[in-house]
Amino acid sequence: MKTDFDLWDIHTGAYHPFNDRAPRIDNGTGRPGPDRYTDPAFAKAEWDRVFARSWLLAGPASDIPEEGDFFRFDIGPESFIVVRGADDAIHAHYNVCPHRGSQLVMSDFGSLDRFTCPFHSWKFDLDGTNIAVTDAETFRPEVLCHGTDLTSVRCEVAAGLVFISMDPDIKPLKEFLGPILPQLELYEIDQMYVVQHRRSDWGANWKGGVDAFAEIYHLHAVHPQTQGLMDDRTQIDLWEGGLSRQFVPFAQPSPRYGDQEGVNPGIQMMLRDAGVDPETFSGTARDTRAAVQQAKRRRSDELGLRYDRFSDSQLSDSVVYSIFPNVQIGCHPEAVFLHRFIPHATDPNQFTYDTCILYRHVDAPGYGAPAWMGMGDDVDMSGRTRPEIVHTKLGEPPCCGEVLDQDSHLLPVVQKGAHSRGFKGPLWSEQEGRLRHFHAELDRLMAE
């Protein structure tokens, strides 16, 4: 069993037992200007210097299990095809025909033995090799020798996730992920399946989304319903390359919450999820987090889930990773949440929030998806079917659940304020250390 170490109390500054801590990184106390959220010129430079030179999470490998399976990955002005080819190799290509520039695939997912251009029916193998030019005899050889294959990009897989990069000289993915890779591998994401995939367009800059999801300082104000079952005392860890981690304790109330003893309905839900009957539970709210941890270990022993690889806090809490530039991954033994903040192609005041939930199905009596996942009874949790992507356009009613809808309502308010002459740039607390760390890496790349 793994041991726990430091937990920082935001109210007293003291440390409590929690998890191994990364060496401290001091990103200073500077105040960046607000133009990073509003300026089209900054957004254009950001695309060229950051997104075109970074590893980008394209999607889970479980979405393309068989040869010929593909998904489309759109980000900013670009579109990519990610496909599983022969010998289980995964390839990624720009979604564009070299002949006249037509996109090759328009669907989110599919399965093909080859790609065929819809405009003039040029054909390409799964690895991007051109296998047919329509009426090739009508082209002068000097024209075709410029190249007829698809333009491919770097594509690598780690922890069950597919990443692509437009930079052919970028460091290997596993080297970039460095210290967090073995942590992500603990969750065996490659053995999970997507059970929900949603997109929604938000009226804010993509970095506003990153900022909001990289701290819990706003929970008491924006999501007060979380205070009875989530603790504000968290651990933050930072690593080079803009990588970070935060432990958010579940199944115990925030110190801001009025009743620190009563087992409120939110905590009762989490006890029930872990297999503890809240009606017979004799402890207080101070005991419930440990009770969840112990119950999950008992369930692991009974079902062979091998939870001995997790620390106690990894069993009960949300462990949230930031992968630069635009990804947050919320990890639980039962499920993993992928959050991507996709920049708009031209407007710095818009982004697409893309969330994907992967779940580990366990076929055993009494085991089911935790209620905090928010899955309806009509959702197939077995992994036998791929869910359709639900996309909510800007201005349409929200569709992502109470907490996310609260964020989608407030972030445009923050974005509007960023345009004010009265706003001089963000002032970050130590609770927002992951934000400062993210922006430090952003500034480093923007300066190169």
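The table for this structure:
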{"item": "Qualifying residue in segment 424-434 (condition: among the aromatic types (Phe, Trp, Tyr), closer than 25 Å to Gly203 by Cα and assigned by TED's automatic domain parsing to the domain that holds Arg340)", "result": "yes"}
{"item": "Single match in Asp63, Asp48 (criterion: surrounded by fewer than 15 Cβ atoms within 10 Å (Cβ to Cβ) and within 23 Å of the chain's Cα centre (by Cα))", "result": "Asp48"}
{"item": "Where Pro255 falls short, out of the listed (1) of a type outside the set (Gly, Ala, Ser); (2) in a helix (DSSP H, G or I); (3) at pLDDT below 95", "result": "(2)"}
{"item": "Number of the condition not met by Ser382 [criteria: (1) more than 21 Å from His218 (Cα to Cα); (2) surrounded by 12 or more Cβ atoms within 10 Å (Cβ to Cβ)]", "result": "(2)"}
{"item": "Qualifying residue in segment 103-111 (condition: outside any loop (DSSP other than H, G, I, E, B), under 28 Å from Glu185 (Cα atoms) and among the hydrophobic types (A, V, I, L, M, F, W, C))", "result": "yes"}
{"item": "Tally, over segment 361-389, of residues that are free of Cβ contacts under 8 Å to residues at least 60 places away in the same chain, under 18 Å from the mean Cα position of the chain (by Cα) and part of a loop (DSSP other than H, G, I, E, B)", "result": "1"}
{"item": "Among (1) part of a loop (DSSP other than H, G, I, E, B); (2) surrounded by fewer than 18 Cβ atoms within 10 Å (Cβ to Cβ); (3) touching a residue at least 12 places away in the same chain (Cβ under 8 Å), the one test that Met269 misses", "result": "(1)"}
{"item": "Test for Gly13: is it over 19 Å from the mean Cα position of the chain (by Cα), at pLDDT 95 or above and surrounded by fewer than 20 Cβ atoms within 10 Å (Cβ to Cβ)", "result": "no"}
{"item": "Output for segment 385-398, where each listed residue is surrounded by 14 or more Cβ atoms within 10 Å (Cβ to Cβ) and more than 30 Å from Asp35 (Cβ to Cβ)", "result": "Arg386, Pro387, Ile389"}
{"item": "Filter result for the condition that a residue is crowded, with 17+ Cβ neighbours inside 10 Å and outside any strand (DSSP E or B), over Leu358, Leu427, Leu404", "result": "Leu404"}
{"item": "Which listed residue, of His120, His93, is outside any loop (DSSP other than H, G, I, E, B), in contact with a Ser or Thr (Cβ under 6 Å, 6 or more places away or on another chain) and over 30 Å from Asp407 (Cβ atoms)", "result": "His93"}
{"item": "Answer from Ser282, Ser300 - the residue that is farther than 28 Å from Asp405 by Cβ and in a loop (DSSP other than H, G, I, E, B)", "result": "Ser282"}
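The values are calculated or read from the model by the stated rules, or taken from the named source; none is laboratory data. The model shown is predicted, which means the values in this text are computed figures rather than measured ones. Backbone-built Cβ (ideal geometry, glycine too); neighbour counts: all protein chains shown.
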